[in-house]
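Colleague: My questions all concern the structure below.
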Amino acid sequence: MEDRLRPNWFDREAGALRIVDQTLLPGEVQYRELKTAEEVWTAIRILQVRGAPAIGVAAAYGACLGAREKNPQSPQELEKVLGETCAYLKTSRPTAVNLAWALSRMEKCLAACPHEWDVSARLDALLQEADSILQEDEEQNLCIARHGLSLLQPGMGLLTHCNAGELATSRWGTALGPILLGQQEGYGFHVYADETRPLLQGGRLTAFELCRAGVDVTLQCDNMAASLMAAGKVQAVLVGCDRVARNGDTANKIGTLSLAILARHYGIPFYVLGPTSTVDLSCESGKDIPIEERPGEEITSLWYRQPMAPQGVKTYNPAFDVTPAPLISAIITEKGVAQAPFTDSLTAMVQG
Ligand code: MRU
């Protein structure tokens with residue numbers, strides 16, 4: 001088995017995006033080959049590839065695949081096809097802004113191609129742009145890891161939610177970056193991973209990644225966080241983010257908000273980690289962030305041998321919630337540690 005699981009990479013020989021199918025982890029490590037924009041759309045929608053930065057990278061390669069598929073004959077036709085493909089890919093999931101951000105970069109890249117370039121040169125430029133998005137994500141995550149680690153001390157108990165690790169990004173992860181870096185540097189953290197109902201990204205992915213990296217990790221159900229904090233086992237909470245509004249309100253996996261409230265009650269620092277591509281200055285506050293709702297079947301039966309709820313019961317299954325900025329101790333990006341007032345610190349980071 002390969003040492004490091006890569007959620008996305010482009011295989012030029014096969015002309016395909018390769019992903020590790022995250023719906024099969026931890027039981028099975030299976031790579032899939034995606035050759036069309038539609039296949040990429042579906043893989044994002046059904047969470048075969050997931051996590052905000054990773055779906056941005058997948059969508060960028062999906063845009064390349066969609067543009068090639070239609071075999072455009074002129075730069076004008078290519079522009080039209082790319083625009084349609086990007087609009088289509090944007091509909092795969094609504095909350096993580098990295099998706100729309102990456103697609104808009106692809107459109108800008110095409111618009112910036114020199115006038116004399118033919119279709120083939122433009123398609124190459126698009127593929128290189130997708131490669132750059134992936135490469136930058138790796139580099140930025142290492143910076144996030146370093147900034148995050150500067151806030152932590154050896155031996156701390158750290159709580160995390162969902163999966164903001166390597167599988168959710170191109171390398172290092174965001175919330176898991178300081179943990180993985182700390183592991184290499186002998187920090188001896190003890191990590192508590194929330195199972196993360198209903199899709200169990202904490203159990204299936206975070207615990208899996210951390211065990212593989214040799215990190216001391218304990219898995220618990222989401223409703224056990226308060227008891228861990230009350231017992232004094234958690235010295236900091238580290239979570240990722242799907243979209244951060246201008247004022248610092250942060251959308252992340254459902255259940256993040258309750259952790260932030262608990263952390264405030266117990267006086268535990270609550271850190272959000274993510275690249276500046278996750279900050280959406282066009283959203284004034286969390287009220288402007290679209291929240292994905294997913295099928296109720298994920299709650300009632302998906303992971304069970306038999307249904308665990310009466311047939312036809314109404315369900316409520318938002319995939320994300322919004323943590324208000326006042327509950328967040330700091331937002332850590334590749335550019336540094338942003339503190340309140342976030343409108344000023346985040347705007348400076350994104351524009352600086
Ligand atoms: O529904 P998912 O699994 O895509 O949700 C992922 C999260 O909420 C992550 O915390 C977030 O995308 C940050 S990933 C570095």
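Values in this text are rule-based calculations from the coordinates and carry no lab data. Keep in mind the model is a prediction, meaning the values are calculated, not measured. Neighbour counts run over all protein chains shown; Cβ positions are idealised from the backbone, glycine included.
Colleague: Any chance you could check the Cα centroid distance between region 1-74 and region 157-181 for me, in angstrom?
Modeller: 20 Å
Colleague: May I ask for the net charge around M224, where only other residues with Cβ less than 10 Å from the Cβ of M224 are counted and Lys, Arg are +1 while Asp, Glu are -1?
Modeller: The answer is -3.
Colleague: I would also like to ask the following. Quick one: which residues, 5 or more positions from G336 or on another chain, have an amide H under 5 Å from its amide H? H modelled 1.01 Å from N in the peptide plane, none for Pro or chain starts.
Modeller: Close amide H contacts, sequence-distant or interchain: none at all.
Colleague: Next question, about the same structure. What are the ³J(HN,Hα) couplings of region 67-77, residue after residue, when phi is run through the Karplus curve with 6.51, -1.76, 1.60 and θ = phi - 60°? Round to Hz, x for glycine and proline.
Modeller: With the stated coefficients, region 67-77 comes to 5, 5, 3, 7, 6, x, 9, 9, x, 5, 5 Hz.
Colleague: I need M156, M224 ordered by Cβ neighbour count within 10 Å, fewest first.
Modeller: M224, M156
Colleague: Among E334, E136, E209, rank each residue by its count of other Cβ atoms within 10 Å, from fewest to most, as a rough exposure measure.
Modeller: By the 10 Å Cβ count, ascending: E136, E334, E209.
Colleague: Rounded to two decimals, what is the ratio between the C-alpha radius of gyration of region 102-249 and 2.2 N^0.38 Å?
Modeller: 1.29
Colleague: Taking amide H positions as placed in the peptide plane 1.01 Å from N, state which residues far from L158 in sequence (5 or more) or on other chains have amide H under 5 Å from it.
Modeller: Amide H neighbours of L158, under 5 Å, 5+ apart: H190, V191, Y192, Q235.
Colleague: Sticking with this structure for a sec: Ranked highest first by average number of other Cβ atoms within 10 Å, how do 28-37, 305-314 line up?
Modeller: Going by the mean number of other Cβ atoms within 10 Å, highest first, we get 28-37, 305-314.
Colleague: Ratio of alpha-carbon Rg to the 2.2 N^0.38 Å globular estimate for the chain, to two decimals, please.
Modeller: In units of the 2.2 N^0.38 Å rule of thumb, it is 0.98.
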